[in-house]
Amino acid sequence: MSDVLDLLVIGSGACGLAGAIAAHDAGLTVAIVEKRDRPGGNSALSTGSIPGAGSRYQAAAGIVDSPAQMIADQLAVAGHHDADDLTTLIANECAPLCEWLIEDLGARMELITAYRHIGHSVERLHAPRSRRGADLVDDLLRFASDRGISLALGNPVDDLIVEDGAVTGAMIRGEAVAARKVLIATNGFAADRALVAEYCPEIAGADYYGAPGSTGEAVRWGRSLGAALGNMGAYQGYAAVAYPQGQLLSWTTIEKGGILVGRDGRRFGPEDAGYSGFTPQVMAQGEMAWAVYDTRLHAIAMAEEEYAEMSAMGALRWADTPEALAQAVGIDPAGLAEAVAGYNLAASGQGADAFGRRNFGHAPLVPPLAIAAVKPGLFHTQGGLMVDAHARVRRADGGVIPNLFAGGGAAAGISGRTGAGGYASGNGLITALVLGRLAGLRAAEELA
């Protein structure tokens, strides 16, 4: 890296890889540096699901959708926030992004029609068949390698190099690396306990299950440069991490009709708030909670590799009655029997749900029943550097910081201003991919 690079990408998750590929294909010299000894970050830990509102794959499946409908869906979930313009941008760019990934690059992805998670009124998620973000990352790594894009693992960036207010490179292991443009594609700050306590105090006590590289460099660099920050209180939680396996209990089991109960065997809220939005209520139960569902929901979830692995690891107990199920895991039998009976009445249309749940999927629950111990977790933060429509980092006092782009966990997301309730499935990954690609294309335009 002795010569001046056109674009230096900091971080090798979906954002950094998409930005590097787009910039390379537009004619730039590009290199990626990654502080960890393996690429992928939070992208590799995700389900690889990204919305594509109005994609040609939806049209082929007879699904009517549009960017306007996605914007309305996002507004219903997240409300207005610091990056409303970014919500519009993402909605307009997500379908072309899916088509670029699948058709132009060759990513092994498909439209998901079996389900749609919270925040989406139609089936618009596109994902690897395995439902593993690692497969998408592997594809992006292969595309980068085929193009000869340099990826230097184990190379943390110490700081950005700034001359007359413009970013001109980065210090990497004490060595100055000059670059005409820099893309910060790092993760967020969920692994930095001090920053989480400062910006997202309600989730500060939860276990962190995301990538270990989410240590907040972008926030600290942005502060020193006078960058604008936005949506800093927003985060993505996950209400049901299987314990002690440490793998995600597929939210399909809950969304399609399952419930969550506390140690007293009783429900404590409307589970259709979503896997992120329901996280604070699970945290309030103490150390853990329990997911309860039936064989039909188990069969649906078994199509997902991670769930199948979790099941094989012994995460589930089965019984023919709620009482026996509760006894198997040491929670209150009478409480669980009452909870299941009341829930099944509501799901059958024989009364209102006690917690206002409106979507029951395949419920009422039919024996035999499964139960799994779960814990709430923090997966990634959704706040960060404010960017414009070209992924350029904005200054707090107006304008942009010359030569600096940001995306992924480093940039402000579209999941609301604060809390976990504004997160819709795919928000983090689609923002990373769209902003990464736009950054690469804009860098090429500016250098042209």
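The values are calculated or read from the model by the stated rules, or taken from the named source; none is laboratory data. In this text, all values refer to a predicted model and were calculated from it rather than measured experimentally. Glycine gets a Cβ as well: all are built from the backbone with ideal geometry, and neighbour counts include every protein chain shown.
Could you tell me whether Arg173 is at positive phi, of a type outside the set (S, T, N, Q) and without any contact (Cβ under 8 Å) to a residue 60 or more places away in the chain?
Against the criterion (at positive phi, of a type outside the set (S, T, N, Q) and without any contact (Cβ under 8 Å) to a residue 60 or more places away in the chain), Arg173 qualifies.
Would you kindly identify the strands (runs of 3 or more DSSP E) lying entirely within region 360-448 that contain at least 2 residues that are under 21 Å from Leu195 (Cα atoms) and in contact with a helix residue (DSSP H, G or I) (Cβ under 8 Å, 6 or more places away or on another chain)? Even if it seems obvious, please write down each step before you answer.
On the way: elements: 369-381, 392-394, 400-406.
Those strands (runs of 3 or more DSSP E) span 369-381.
Output the number of the condition that Leu183 fails; it satisfies all remaining conditions of (1) closer than 20 Å to Thr431 by Cα; (2) in a helix (DSSP H, G or I).
(2)
Which residues, taken from region 1-51, are closer than 18 Å to Ala178 by Cβ, among the β-branched types (Val, Ile, Thr) and outside any strand (DSSP E or B)?
Val4, Thr29
In region 166-194, how many are within 22 Å of Gly226 (Cα to Cα) and at pLDDT below 95?
1
Got a sec? Which of Thr321, Thr295, Thr279 is touching a residue at least 40 places away in the same chain (Cβ under 8 Å), β-branched (Val, Ile, Thr) and closer than 27 Å to Arg129 by Cβ? Before you say what the answer is, go through the steps one by one.
On the way: Thr321 fails: closer than 27 Å to Arg129 by Cβ; Thr279 fails: closer than 27 Å to Arg129 by Cβ.
Exactly one residue qualifies, and that residue is Thr295.
With the requirement that a residue be of a type in the set (S, T, N, Q) and closer than 15 Å to Gly19 by Cβ, what does region 141-172 give you?
From region 141-172, those of a type in the set (S, T, N, Q) are 145, 150, 155, 168; that's our starting set.
Scanning region 141-172 gives a single hit, Ser150.
Against the conditions (1) modelled with pLDDT of 95 or more; (2) of a type outside the set (Asp, Glu); (3) closer than 30 Å to Asn359 by Cβ, where does Tyr209 fall short? Just the number, please.
(1)
So, of the residues in region 56-80 that are in a loop (DSSP other than H, G, I, E, B) and farther than 20 Å from Ala412 by Cβ, which turns out to be farthest from the chain's Cα centre (by Cα)? Let's see the steps before the verdict.
Going residue by residue through region 56-80, those that are in a loop (DSSP other than H, G, I, E, B) are 61-66, 79-80.
Checking the rest, the ones that are also farther than 20 Å from Ala412 by Cβ come to 61-66.
Numbers: Ala61: 25, Gly62: 27, Ile63: 24, Val64: 24, Asp65: 22, Ser66: 21 Å.
Here the residue is Gly62.
Any idea how many residues of region 233-284 are aliphatic (A, V, I, L, M), farther than 24 Å from Gly314 by Cα and touching a strand residue (DSSP E or B) at 6+ places or on another chain (Cβ under 8 Å)? Full working, then the answer.
Residues of region 233-284 that are aliphatic (A, V, I, L, M), as a first pass: 234, 239-242, 248-249, 254, 259-261, 273, 282-284.
From the residues that got through so far, the ones that are farther than 24 Å from Gly314 by Cα too are 234, 273, 284.
Those still in the list that are touching a strand residue (DSSP E or B) at 6+ places or on another chain (Cβ under 8 Å) too: 234.
Summing the residues that are aliphatic (A, V, I, L, M), farther than 24 Å from Gly314 by Cα and touching a strand residue (DSSP E or B) at 6+ places or on another chain (Cβ under 8 Å) in region 233-284 gives 1.
Please work out which one of (1) part of a helix (DSSP H, G or I); (2) touching a Leu at 6+ places or on another chain (Cβ under 9 Å); (3) within 21 Å of Gly230 (Cα to Cα) is the condition Ala91 fails and give its number.
It fails just one condition, (2).
Specify which of the listed residues (Leu45, Leu17) is surrounded by 22 or more Cβ atoms within 10 Å (Cβ to Cβ), assigned by TED's automatic domain parsing to the domain that holds Gly426, out of contact with any Lys or Arg (no Cβ under 8 Å at 6 or more places or on another chain) and touching a residue at least 12 places away in the same chain (Cβ under 8 Å).
Values: Leu45 fails: surrounded by 22 or more Cβ atoms within 10 Å (Cβ to Cβ).
Of the residues listed, the single one that is surrounded by 22 or more Cβ atoms within 10 Å (Cβ to Cβ), assigned by TED's automatic domain parsing to the domain that holds Gly426, out of contact with any Lys or Arg (no Cβ under 8 Å at 6 or more places or on another chain) and touching a residue at least 12 places away in the same chain (Cβ under 8 Å) is Leu17.
Looking at region 330-359, which of its residues are in a helix (DSSP H, G or I), aliphatic (A, V, I, L, M) and either touching a residue at least 40 places away in the same chain (Cβ under 8 Å) or surrounded by 19 or more Cβ atoms within 10 Å (Cβ to Cβ) (or both)? Don't jump to the end; show me each part of the working.
Step one: of region 330-359, the residues in a helix (DSSP H, G or I) are 333-347.
Remaining after also requiring aliphatic (A, V, I, L, M): 334, 336-337, 339-341, 345-347.
Scanning region 330-359 gives Ala334, Leu336, Ala337, Ala339, Val340, Ala346, Ala347.
Only one of Ala185, Ala227 is touching a residue at least 60 places away in the same chain (Cβ under 8 Å), surrounded by 23 or more Cβ atoms within 10 Å (Cβ to Cβ) and within 30 Å of Glu304 (Cα to Cα); which?
On the way: Ala227 fails: within 30 Å of Glu304 (Cα to Cα).
Answer to the check: Ala185.
Residue-by-condition table, conditions (1) small (Gly, Ala, Ser); (2) closer than 27 Å to Asp73 by Cβ; (3) without any contact (Cβ under 8 Å) to a residue 12 or more places away in the chain; (4) in the same structural domain as Glu323 (by TED's automatic domain parsing):
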site: Leu365; (1), (2), (3), (4): no, no, no, yes
site: Ala370; (1), (2), (3), (4): yes, no, no, yes
site: Val393; (1), (2), (3), (4): no, no, no, no
site: Ala396; (1), (2), (3), (4): yes, no, no, no
site: Pro402; (1), (2), (3), (4): no, no, no, no
site: Gly409; (1), (2), (3), (4): yes, yes, no, no
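Which of the residues that make up region 312-329 are part of a helix (DSSP H, G or I) and either under 34 Å from the mean Cα position of the chain (by Cα) or polar (S, T, N, Q) (or both)? Write out each step before concluding.
Looking only at region 312-329, we keep the residues that are part of a helix (DSSP H, G or I), and these are 312, 322-329.
Residues satisfying the conditions are Ala312, Pro322, Leu325, Ala326, Gln327, Ala328, Val329.
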